[in-house]
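Engineer: The following block contains the structure, expressed as structure tokens.
The values are calculated or read from the model by the stated rules, or taken from the named source; none is laboratory data. Not measured: the values here are computed from a predicted model. Positions of Cβ are generated from backbone atoms using ideal geometry, with glycine treated the same way; all protein chains shown enter the neighbour counts. Accessible surface areas use protein heavy atoms only, side chains included; no ligands, DNA or RNA. Shrake-Rupley method; radii C 1.70, N 1.55, O 1.52, S 1.80 Å.
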Amino acid sequence: MVAGNVKITNLLLLGGTAEALHLSAELANFPNLKIINSLAGRTHSPKLSAGEYRIGGFGGIKGLQEYLTKETIHLVIDATHPFAEQMQRNIQTATSLSHIPLLRLGRNHWIETPQDQWLPAENFIQAASILEKLPNKRVFLTIGSQNLSYFRPFSDIFFLVRVIGSPSQAVPLNNYQLIYGRGPFTKQSEKDLLVLHQIDLLISKNSGGAHTYAKIMAAQELHIPVLMISPPIIASANMYQTVTQTHDAVAWLQNQLTKKFSHLI
Ligand code: NAP
């Protein structure tokens, strides 16, 4: 788009994470850049930064490609959650087909320390089969609200389930208590919660980043084991860059803008 003599670059920022909010705020005053923040629409009252938003799915790869063309998107940054596997795959394919530069703003996964007691699981199915063999009966289940049904068979286990907002469907568990909370949390408040509910096992996705790490530190200090579910491995043949820091995403953007307009200099 050309506004007067100034060329505007349209950036699609796929979000739903603290990282996307942070980056969006950093880029708010970037000259000649229009940011369109995109959310899936899972949360009723999502945290929003300033700027333009679109909410809801695109309609798979085809819908995404149509959107990229219709809105004349020049650049895409995918800052979705490490477990948002479908969206990551779709944007890789759509940007590759549409020849649009893509950056992945991801996270470093959490690494087990000698003080932790982790039981690693590759996915939710494996986590449920590990749980079957454990003696633990009071579990803090912090995996969001989407994959709770994997734990439906465990009617003799009490689950403390933390979610951001009211789940859109009935909770598929027999013996549970819902609590609401949006990170970041402090280590002390997480310890208090674990003690209050007499939790003897934490089930968590290895989401990485600092935002929700306090529960892992709290479990470590209380010697509570953690059933830790690994993020999906998203292999891609597409050439795109991955960074884990906001400033590196800003540098990528600056570099893309320089390349885009170098013929005008
Ligand atoms: P997903 O399984 O990878 O995506 C399912 C579908 O939801 C996508 O195919 C797409 O629909 C739509 N979608 C996902 N992210 C979108 C976005 N940012 N903007 C527009 N549409 C989006 O994703 P998910 O795991 O359900 O996560 C949904 C959102 O919640 C993501 O934005 C993610 O960053 C955030 N989130 C996820 C988790 C998690 O643990 N999964 C945790 C915190 C935040 P169409 O195919 O119709 O385009």
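Engineer: Evaluate the following for residue 12: is it assigned to a helix (DSSP H, G or I) and within 13 Å of the ligand (Cβ to nearest atom)? Break it down stepwise before answering.
Structural biologist: Numbers: assigned to a helix (DSSP H, G or I): no; within 13 Å of the ligand (Cβ to nearest atom): yes.
No; evaluated as a whole, the condition is false for this residue.
Yes/no per residue for (1) open to solvent by less than 40 Å² (accessible area, probe 1.4 Å); (2) in contact (Cβ under 8 Å) with a residue 60 or more places away in the chain; (3) part of a loop (DSSP other than H, G, I, E, B):
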| site | (1), (2), (3) |
| --- | --- |
| 217 | no, no, no |
| 227 | yes, yes, no |
| 235 | no, no, yes |
| 252 | yes, yes, no |
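Engineer: A further question on this structure: Which of the residues belonging to segment 41-66 are hydrophobic (A, V, I, L, M, F, W, C), near the ligand (Cβ under 8 Å from one of its atoms) and more than 18 Å from residue 95 (Cα to Cα)?
Structural biologist: 55
Engineer: Of the residues 166, 204, only one is in a loop (DSSP other than H, G, I, E, B) and among the small types (Gly, Ala, Ser); which? Step through it out loud before you land on a result.
Structural biologist: Working: 204 fails: in a loop (DSSP other than H, G, I, E, B).
Exactly one of 166, 204 is in a loop (DSSP other than H, G, I, E, B) and among the small types (Gly, Ala, Ser), namely 166.
Engineer: Identify the residue in segment 175-194 that is aliphatic (A, V, I, L, M) and closer than 14 Å to residue 217 by Cα and, among all such residues, is surrounded by the most Cβ atoms within 10 Å (Cβ to Cβ).
Structural biologist: 194
Engineer: Applying the selection to segment 106-116, what residues are open to solvent by less than 30 Å² (accessible area, probe 1.4 Å) and away from the ligand (no atom under 16 Å from the Cβ)?
Structural biologist: Pass one, segment 106-116, residues open to solvent by less than 30 Å² (accessible area, probe 1.4 Å): 106, 110, 116.
The one that is open to solvent by less than 30 Å² (accessible area, probe 1.4 Å) and away from the ligand (no atom under 16 Å from the Cβ): 116.
Engineer: Regarding residue 22, is this residue closer than 21 Å to residue 256 by Cβ, within 16 Å of the chain's Cα centre (by Cα), touching a residue at least 12 places away in the same chain (Cβ under 8 Å) and more than 13 Å from the ligand (Cβ to nearest atom)?
Structural biologist: yes
Engineer: Let me ask something else about it. Condition (residue is in a strand (DSSP E or B), of a type in the set (Val, Ile, Thr) and buried (at least 19 other Cβ atoms within 10 Å of the Cβ)) applied to segment 88-105: is it met by at least one residue?
Structural biologist: Keep residues of segment 88-105 that are in a strand (DSSP E or B), which gives 102-105.
Next, from what is left, pick out any that are of a type in the set (Val, Ile, Thr): none.
No, segment 88-105 contains no residue that is in a strand (DSSP E or B), of a type in the set (Val, Ile, Thr) and buried (at least 19 other Cβ atoms within 10 Å of the Cβ).
Engineer: Would you check which residues across segment 197-211 are within 14 Å of the ligand (Cβ to nearest atom) and modelled with pLDDT of 95 or more and list them?
Structural biologist: Answer for segment 197-211, where residues must be within 14 Å of the ligand (Cβ to nearest atom) and modelled with pLDDT of 95 or more: 203, 204, 205, 206, 207, 208.
Engineer: Let me spell it out: the conditions are (1) farther than 22 Å from residue 158 by Cβ; (2) in a loop (DSSP other than H, G, I, E, B), and residue 188 meets all of them except one. Which number is the exception?
Structural biologist: Here residue 188 meets the rest and fails (2).
Engineer: Give me the pairs: first residue in segment 64-86 and of a type in the set (Val, Ile, Thr), second residue assigned to a loop (DSSP other than H, G, I, E, B) and near the ligand (Cβ under 6 Å from one of its atoms), beta-carbon distance under 8 Å, and six or more apart or on different chains, which are they?
Structural biologist: 80/15; 80/16; 80/17
Engineer: Anything in segment 117-174 that is buried (at least 20 other Cβ atoms within 10 Å of the Cβ), in contact (Cβ under 8 Å) with a residue 60 or more places away in the chain and aliphatic (A, V, I, L, M)? List them, or say none.
Structural biologist: If the condition is that a residue be buried (at least 20 other Cβ atoms within 10 Å of the Cβ), in contact (Cβ under 8 Å) with a residue 60 or more places away in the chain and aliphatic (A, V, I, L, M), then 121, 127, 131, 139, 141, 143 are the ones that fit.
Engineer: Of everything in segment 25-70 that's basic (Lys, Arg) and within 19 Å of the chain's Cα centre (by Cα), which residue is modelled with the highest pLDDT?
Structural biologist: Our first condition is that a residue be basic (Lys, Arg); within segment 25-70, this holds for 34, 42, 47, 54, 62, 70.
The next check asks that each one be within 19 Å of the chain's Cα centre (by Cα); those that pass are 42, 47, 54.
Details: 42: 85, 47: 78, 54: 96.
Here the answer is 54.
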